[in-house]
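The values are calculated or read from the model by the stated rules, or taken from the named source; none is laboratory data. Computed from a prediction, not measured in an experiment: that's the story for all the values here. So basically every Cβ, Gly included, is an ideal-geometry build from the backbone, and we count neighbours across all protein chains shown.
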Amino acid sequence: MLAKIIRLKKLVKSLRNERLFTVPSVLTELLRISRDPLADASDLAQIAERDPTISARLLKTSNSAYYGKANHVPVDNITDAIVRLGFRKSEEVIMSATVCAALVTHRSSAEFSMWELWRHSYAVGICNRMLSTRVFDRPDFDPFLAGLLHDIGIIVENQFFYDDGFFRATEARHTNESLLTEEEERFIGLTHEEIGEAVARDWNIPEHIVAVIGHHHKMEEVNPRLRHLLHCTRVSEWICFILKLGYCDFSQPHADELIQSRSFLKLSDADLEVVASGLEEEMKILSGIGWFPYASYRAA
Ligand SMILES: [Fe+2]
Ligand SMILES: [Fe+2]
């Protein structure tokens, strides 16, 4: 256990010099703005204008046929783009663009694609938001961010452990139809939950998001106060698995375990159907405007 802690500390320290480290500063600012009742589009614009990748994505999304249909005048500045998209959608675009920009250095194989992990993470975020409006009302919890970031430990593994166990772990997960965390334990000696949790703590991000990052596979260890969000994320993972939306770090037997979370949330078949079709629709729209350009992964 002590050896694990030392490895995690070293890893967190190395990460402070990487591109991924832009994530916590944007995240902290977004969380501050979302809690400020006086915040408006210009506050979000200030964050977006600092980064050309974020600005470009906001403009592209707001000018897309779907979001621009009510007003055919093209938007050419960030504040107008945010007004057109709405506060919440703009927050999602900013945070997603920040995470996506951090994926510039990555390696992929037949069994793992970072771009498919990105598609999965985004889909779980959107699905969490859709599910949470049906099953719990906690404005202080951000289900989208929890979903978007839940597998962030895998991004770190891809960067730091590709040749030191990560590649073999993804191959073994596919061959053995196991959980990626089981294979990570064998080949790396650390799991993406442990790595993600250590990184998230170093970033000082809210406890409910840390809990989802660190416990979405072994949720029994979690503070009961946070169980709703965890169950919600697990149902979202299941929906994304069924709809084949990106890389999933588990196989069919584990999908069956995940869907047990629906009874905790008292979700009906009709609830699941409405959310799944809403999610598919939204992902189709975003794919259509180039959000997921490298979607070529062989689904598990
Ligand atoms: Fe995971
Ligand atoms: Fe996941």
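Annotations for the structure displayed:
- Test set (1) surrounded by fewer than 20 Cβ atoms within 10 Å (Cβ to Cβ); (2) more than 23 Å from residue 92 (Cα to Cα) - residue 158 fails condition number: (1)
- The condition (being within 16 Å of ligand 2 (Cβ to nearest atom), farther than 19 Å from residue 118 by Cβ and among the polar types (S, T, N, Q)) is satisfied by just one residue among 181, 233: 181.
- Long-range neighbours under 7 Å by Cβ, at least six apart or interchain, first residue free of Cβ contacts under 8 Å to residues at least 60 places away in the same chain within segment 236-258, second assigned to a helix (DSSP H, G or I) and within 11 Å of ligand 1 (Cβ to nearest atom): 238/258; 258/234; 258/237
- Condition check for residue 218: loosely packed, with under 13 Cβ neighbours inside 10 Å, within 16 Å of ligand 1 (Cβ to nearest atom) and either of a type in the set (Asp, Glu) or more than 27 Å from residue 97 (Cα to Cα) (or both): yes
- Identification of helices (runs of 4 or more DSSP H) wholly contained in segment 1-108 with 3 or more residues that are surrounded by 12 or more Cβ atoms within 10 Å (Cβ to Cβ) and polar (S, T, N, Q) yields 22-35, 52-62, 87-101.
- Any hit, segment 221-241, residues being crowded, with 21+ Cβ neighbours inside 10 Å, in a loop (DSSP other than H, G, I, E, B) and not assigned by TED's automatic domain parsing to the domain that holds residue 15: no
- Options 134, 129, 119; residue that is crowded, with 18+ Cβ neighbours inside 10 Å, out of contact with any Gly (no Cβ under 6 Å at 6 or more places or on another chain) and either without any contact (Cβ under 8 Å) to a residue 60 or more places away in the chain or under 20 Å from residue 234 (Cβ atoms) (or both): 129
- Hey, residue 217 under 17 Å from the mean Cα position of the chain (by Cα) and not β-branched (Val, Ile, Thr) or not: yes
- Number of residues in segment 240-268 that are within 15 Å of ligand 1 (Cβ to nearest atom) and either at pLDDT 90 or above or in contact with a helix residue (DSSP H, G or I) (Cβ under 8 Å, 6 or more places away or on another chain) (or both): the value is 12.
- Qualifying residue in segment 243-253 (condition: part of a helix (DSSP H, G or I) and crowded, with 17+ Cβ neighbours inside 10 Å): no
- Odd one out for residue 21, checked against (1) under 24 Å from residue 206 (Cβ atoms); (2) in contact with a helix residue (DSSP H, G or I) (Cβ under 6 Å, 6 or more places away or on another chain); (3) modelled with pLDDT under 85: (2)
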